[in-house]
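Quick notes on the structure that follows.
The values are calculated or read from the model by the stated rules, or taken from the named source; none is laboratory data. In this text, all values refer to a predicted model and were calculated from it rather than measured experimentally. Cβ placement follows ideal geometry from the backbone for every residue including glycine, while neighbour counts extend to all protein chains displayed. In case anyone asks, the SASA skips ligands and DNA or RNA and just uses the protein heavy atoms, side chains included. Shrake-Rupley method; radii C 1.70, N 1.55, O 1.52, S 1.80 Å.
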Amino acid sequence: MNSIPYKTYLDEAELPTQWYNLRADMKNKPAPLLDPATLQPITAQALGRVFCDELVRQELDDSTPYIDIPQAVRDYYKTFRPSPLVRAYNLEKHLNTPAKIYYKFEGSNTSGSHKLNSAIAQAYYAKEQGLKGVTTETGAGQWGTALSMACAYFGLDCKVYMVKVSYEQKPFRREVMRTYGASVVPSPSMDTAVGRKILQEHPGTGGSLGCAISEAVEAASSIPGYRYVLGSVLNQVLLHQSVIGLEAKAALDKLGVKPDLIIGCAGGGSNLGGLIAPFVGEKLRGEADYRILAVEPASCPSFTRGKFAYDFCDTGNICPLSKMYTLGSSFIPAPNHSGGLRFHGMSSTLSQLYHDGLMEAIAVEQTAVFQAAEEFARVEGILPAPESSHAIRAAIQEALRCKESGEEKTILFGLTGTGYFDMYAYESFHDGRMTDYIPTDAELAQGFAALPKV
Ligand SMILES: *Cc1c(COP(=O)(O)O)cnc(C)c1O
């Protein structure tokens, strides 16, 4: 008998009652957002024209360590949380490693990813403010799906600008969103001034997250009763996602297990920021130490090849500027790169932690990621999202390193979602058509050249 169960669930009553705001324990706070008009730290008033009031407060609050989760949000959480912490016995056996591998699985809700944790919070605050609806962008589609579910639950309109390549590659994602009542527009579109401008400059472009964000922000600021919501990158999103880490830590504490290494995939940084939050809190307070590893795609390598600088979060340069590891807001990842993790920048909180040496990052190539995804699916059963599979890839590599060295490390990684809507990507992998694209230094230099001079 194994003394540690395959799956550990907390009780419903143990669902966290508060989110944890990692910034409160950071000595070097993430740099403030800048107003694009003045290049000065942005005021709550200016942010409030784009975002919901309570979310603005959360965005700017870098001193309150714990923030209550509203009861209505907790009640919705109970429909799909606490999520399981899984001991990957089958993967360990398959790899023949002495490492102990755990993953926190966020894919068991209908939207298929961790994004629902923040979507439901953001929709709640929009409803509380008496708004009519929200706009957003979606890349791979998970955020749009999660937000559609959340808006349906609270009776809000939801307008989603979906990156055009995904809109075309993932018609079923689109239909899920429409099932929940959202309207879905391929981006860039002719709906907005910024969309028309981008289409004129780059005819036939498949779009990018940065471009869809510009369109969604423009739409939110021009339709009365609407605000814009974002599914990653922002501090408020990391705050909501801390529920992942709080649950994971509570479950591990119950088992008496302390991870040595915590791994997560990094697109805008929200799942990783949420997973590591309580662990990094301990690290910052000097109570414990953990190795933290971010895994990003080699085709969009913001941490490993980006610059730590102020940059726009969107292609249209209408959003506030954030100090982050960035490839430049004009950087558009190669279209062969499947789905998520395509954002040019990174959460300012994670960027600061990385800059201060509190975490590490690696970039992995696409075909290696799908190899890991398939290996994992065959032994653990879960069909992982391509994004999540970046973390799987790194966890497998670390476990194999343990096999060589004989170390019995404990590894925790975030399994952020399922890949049922990514079957075209799996198909191109199986057919041997998938390629790895690594941008050249010259290509990256173009993005850096366009960084704002702040
Ligand atoms: C969106 C998404 C990610 C990446 O976003 P982060 O903000 O970096 O967490 C990772 N995995 C899945 C399944 C996603 O949907």
Residues satisfying the stated conditions in the range 223-280, i.e. over 25 Å from Gly141 (Cβ atoms) and small (Gly, Ala, Ser): Gly225, Ala248, Ala250, Ala251, Gly256, Ala277
Filter the range 87-112 down to residues that are within 16 Å of the ligand (Cβ to nearest atom) and aliphatic (A, V, I, L, M), then give me how many there are. 0
Identify, please: which residue in the range 255-278 is surrounded by fewer than 24 Cβ atoms within 10 Å (Cβ to Cβ) and among the hydrophobic types (A, V, I, L, M, F, W, C) and is, among those, nearest to the ligand (Cβ to nearest atom)? Leu261
Scanning the range 2-50 residue by residue, the ones that are open to solvent by less than 20 Å² (accessible area, probe 1.4 Å), more than 20 Å from Pro84 (Cβ to Cβ) and either assigned to a loop (DSSP other than H, G, I, E, B) or polar (S, T, N, Q) (or both) total 3
Failed item, numbered, when Ala121 is tested on (1) in contact with a strand residue (DSSP E or B) (Cβ under 7 Å, 6 or more places away or on another chain); (2) away from the ligand (no atom under 12 Å from the Cβ): (1)
Would you call Arg401 touching a residue at least 24 places away in the same chain (Cβ under 8 Å) and open to solvent by 10 Å² or more (accessible area, probe 1.4 Å)? no
Restricting attention to the range 404-413, does a residue exist that is open to solvent by 40 Å² or more (accessible area, probe 1.4 Å), over 27 Å from Gly316 (Cβ atoms) and within 24 Å of the chain's Cα centre (by Cα)? no
Somewhere in the range 309-324, is a residue within 17 Å of the chain's Cα centre (by Cα), at pLDDT 95 or above and of a type outside the set (Lys, Arg)? yes
Sort out which residues of the range 427-442 are open to solvent by 60 Å² or more (accessible area, probe 1.4 Å) and part of a helix (DSSP H, G or I), and write them in order of number. Glu427, His430, Asp441, Ala442
Residues that are assigned to a loop (DSSP other than H, G, I, E, B) and under 17 Å from Gly144 (Cβ atoms), drawn from the range 193-237: Gly206, Gly207, Ser208, Val229, Leu230, Gly231, Ser232, Val233, Leu234
Check the range 171-186 and report whether any residue there is in contact with a Leu (Cβ under 7 Å, 6 or more places away or on another chain) and within 16 Å of the ligand (Cβ to nearest atom). no
Could you tell me whether any residue of the range 389-408 is in a loop (DSSP other than H, G, I, E, B) and among the β-branched types (Val, Ile, Thr)? no
